[in-house]
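Written below as C-alpha cells is the structure these notes are about.
The values are calculated or read from the model by the stated rules, or taken from the named source; none is laboratory data. Nothing here was measured: the structure is a model prediction, and the numbers come from that model. Ideal geometry is used to build each Cβ from the backbone, glycine not excepted, and the neighbour counts take in all protein chains shown.
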Amino acid sequence: MSQFGFYMAGTGIVGIGRAGLLLAWDPNDRGPGAADDFDFSDVALYSWVGTLPVVSPALFKMRSISPIAIPPEGCPATVDGSPDRDFVVRFGVKPGGSAASLIADGWLDVFEGSTRVYGIAPPTATVKLELAEGSVATGLTEYSMQDRVIFAALEDPLEGWAALLGGETPAIEIWKDLMTPNMALSWSPL
C-alpha cells in the first residue's frame, strides 16, 4: 500500500507569516526500515515553505500520527514529477469536527499543468487524517498549500527556508520519524 506522512507548521502576525510543509513519500510501502537501507530510489522527503497571509495572529504545527495509507492505483513514484515531469501538489488540512479534535479532514492532489494525475480522495472530497498528540492549530480554519515541492537530499539537513522546519536533523531521520506509526509531535523548531 502506498503511504505518506506529513508535518505542517506556520506562524504569523497580522498581515505576514510563513508556513511550511514536510511530506514523507513512500509509494511502495517500504516503511520506516527504508531509512536503514541505502537504496533511496523509492522514498523521498519533500519540503515547501511559503507566505502565510493572516488577519489575526496564527500559530500551528501538526503532523500525522502514523503513515496515511493511500490508493496505490496511479500513485506517482515522486510528487515533484522528477525526473521528466513537472508536478504541482495541492495539500491541505482542516478541522474535521471540534477545533480540539485530533481527527481532521485532508486532501492531497498531484497536478501536471491543470490535469489532476493523482489524488488520495475523489475530486472535491476529503479523507480523515489523524493528527499526532502535540499538534496545535490556532488562528486559521484551513491549513493548505498549492505549489511545487522541493526534493530533500536525504543524507543532509534541510536547506534554505525548509531548515526552519527540521533544524539540523538529517532529512532521512525526519522521513523515518514521519513514517513511524503512533509518534507524538516531539520535535518542532516552530
*Taking Arg90, is it under 15 Å from Gln146 (Cα atoms), touching a Pro at 6+ places or on another chain (Cβ under 7 Å) and either modelled with pLDDT of 95 or more or not aromatic (Phe, Trp, Tyr) (or both)?*
no
*Quick one: what pairs do we get from the stretch 104-116, first residue under 16 Å from Gly74 (Cβ atoms), second modelled with pLDDT of 95 or more and of a type in the set (Phe, Trp, Tyr), C-beta under 6 Å, 6+ apart or different chains?*
Leu108/Phe91; Val110/Phe87; Val110/Tyr118; Glu112/Phe87
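This table checks each residue for (1) of a type in the set (A, V, I, L, M, F, W, C); (2) under 15 Å from Trp107 (Cα atoms).
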site	(1), (2)
Gly5	no, yes
Gly10	no, no
Gly17	no, no
Trp25	yes, yes
Asp36	no, no
Ala44	yes, no
Val54	yes, no
Glu73	no, no
Asp84	no, no
*Subset of the stretch 122-152 [surrounded by 20 or more Cβ atoms within 10 Å (Cβ to Cβ), part of a loop (DSSP other than H, G, I, E, B) and not polar (S, T, N, Q)]*: Ala132, Leu140, Val149, Ala152
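Listed here are the residues, each with its yes/no results for (1) more than 22 Å from Arg148 (Cβ to Cβ); (2) at pLDDT 90 or above; (3) in contact with a helix residue (DSSP H, G or I) (Cβ under 7 Å, 6 or more places away or on another chain); (4) not basic (Lys, Arg).
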| site | (1), (2), (3), (4) |
| --- | --- |
| Asn28 | yes, no, no, yes |
| Ser66 | yes, yes, no, yes |
| Thr78 | no, yes, no, yes |
| Pro83 | no, yes, no, yes |
_Failed item, numbered, when Glu168 is tested on (1) surrounded by 14 or more Cβ atoms within 10 Å (Cβ to Cβ); (2) part of a loop (DSSP other than H, G, I, E, B)_ = (1)
*Residue ID - modelled with the highest pLDDT, chosen from residues in the stretch 46-64 that are surrounded by 12 or more Cβ atoms within 10 Å (Cβ to Cβ) and β-branched (Val, Ile, Thr)*: Val49
*Restricting attention to strands (runs of 3 or more DSSP E) lying wholly within the stretch 1-85, give those where 2 or more residues are closer than 22 Å to Ala184 by Cβ and of a type in the set (A, V, I, L, M, F, W, C).*
2-13, 16-26, 58-63, 68-70
